[in-house]
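Colleague: First the structure, then my questions, so here it is.
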Amino acid sequence: MARQRLGGASALLAVLVTMAIASAACPASAGANEIARDAKYLIDNTQLDLVDIATSPLHATDPDSVLRSPTFYLVLAGVAGVWAGSFALDQTIRSHLRNMSASDADLLQHVSYASVGVAAASLYLYGYSAGDSGARDDAITGAEGAGVASLVNLGFKYGFGRLRPRDDGHDHTAFFRGGESLFSGEVTPMFSLAAAVSEYFENRWYVAAPIYSLALVDGFGRIGHDAHWFSDVVGAAFLGAGTTELLLYLHRQHEQQPGRWRLFPDIVSPTVSPDGPGKVSGLAATWTW
């Protein structure tokens with residue numbers, strides 16, 4: 001089990017290691033400046049994300065609140081419908097995959113970890129070599145999404161206590177029994193990273209279809225190990241991708257709000273209005289490597 005959990009972490013680690021490789025591949029000053037900028041981007045947005053999420057109940061009735069959008073409820077209903085459909089397929093999918101050999105299940109997972117991790121790391125490297133900060137920002141946000149979604153998933157696991165298929169002869173409705181099946185902790189970060197790659201390419205089908213399929217391969221490997229139900233995998237996909245989508249949305253909002261307090265305001269470009277340039281506030285720090 002511990003070895004399987006390391007797979008998802010290794011894909012996330014690949015993105016972080018890529019940052020160090022990119023720094024080493026660039027001239028000292030340029031590499032240090034870019035790495036410093038990206039670190040500040042992550043810290044600033046994480047800080048603002050925490051504030052936004054913590055204070056979101058206070059804005060539930062605002063005119064532009066997502067709760068006032070019919071689209072939100074359509075998407076929510078769609079997600080609920082798909083998950084309910086996957087729940088109905090739990091036993092069918094398990095009957096077809098539970099007898100998969102351990103080596104084949106491991107292979108599926110390793111293919112998923114390697115391919116999705118390399119795709120996310122490559123997006124960051126491309127942003128580095130092409131001077132495309134948007135590519136780097138999306139890759140960083142995907143890594144943040146993978147971490148946040150994995151933490152949120154722990155709440156689902158211990159809150160619902162669903163038993164794994166292999167635990168005993170129970171049905172797939174065994175909730176609140178002290179299990180850790182809902183949702184898959186291995187699949188969740190894969191979809192977080194996949195969402196970041198897909199979003200950078202504006203969810204074009206020739207990128208979205210393969211990257212999400214490769215993330216799903218991990219789920220089939222987990223089912224092959226009889227460690228998860230199909231609905232655990234589908235729920236993990238929604239949680240992982242949804243978290244990254246939320247963070248991408250928040251980060252784009254932050255770019256339009258330069259006046260908010262930040263730890264590192266020096267990476268924010270003040271907006272210009274008829275009354276003059278806007279102001280940014282926060283701390284500033286510089287260092288040399």
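Colleague: Only one of (1) in contact with a helix residue (DSSP H, G or I) (Cβ under 9 Å, 6 or more places away or on another chain); (2) outside any helix (DSSP H, G or I) is not met by Ala174, so which one is it?
Modeller: The failed condition is (1).
Colleague: Among the residues in the range 143-158, are any without any contact (Cβ under 8 Å) to a residue 40 or more places away in the chain and either more than 19 Å from Ser192 (Cα to Cα) or not in a helix (DSSP H, G or I) (or both)?
Modeller: yes
Colleague: If you check Arg94 against the conditions, is it more than 21 Å from Pro265 (Cα to Cα), modelled with pLDDT of 90 or more and of a type in the set (Lys, Arg)?
Modeller: Yes; evaluated as a whole, the condition is true for this residue.
Colleague: Still on this structure, please answer the following. Mind checking whether some residue in the range 238-250 is under 18 Å from Ala102 (Cα atoms), of a type in the set (Val, Ile, Thr) and either at pLDDT 95 or above or part of a helix (DSSP H, G or I) (or both)?
Modeller: No.
Colleague: If you don't mind, there's one more thing I want to ask. Tell me, yes or no, whether the range 218-236 has at least one residue that is under 24 Å from Asp137 (Cα atoms) and modelled with pLDDT of 95 or more. Let's see the steps before the verdict.
Modeller: The first filter runs over the range 218-236 and keeps only residues under 24 Å from Asp137 (Cα atoms), leaving 236.
Now narrow it down to the ones that are modelled with pLDDT of 95 or more: 236.
Yes, the range 218-236 has at least one match.
Colleague: Which condition does Gly179 not pass, out of (1) of a type outside the set (D, E, K, R); (2) assigned to a loop (DSSP other than H, G, I, E, B); (3) buried (at least 24 other Cβ atoms within 10 Å of the Cβ), if it passes all the others?
Modeller: (3)
Colleague: Hey, another quick one. So the check is Cβ under 7 Å with 6+ separation or different chains; which pairs have a first residue in the range 42-70 that's modelled with pLDDT under 90 and a second one that's not in a helix (DSSP H, G or I)?
Modeller: Cβ pairs passing all conditions: His59/Ser65; Leu67/Ala60.
Colleague: Taking the options Ala119, Ala77, Ala135, Ala139, name whichever one is more than 17 Å from Gly219 (Cα to Cα) and without any contact (Cβ under 8 Å) to a residue 60 or more places away in the chain.
Modeller: Ala77
The values are calculated or read from the model by the stated rules, or taken from the named source; none is laboratory data. These numbers were taken from a predicted model, which means no experiment stands behind them. Every residue, glycine as well, gets a Cβ built from its backbone with ideal geometry; the counts of neighbours run over all protein chains shown.
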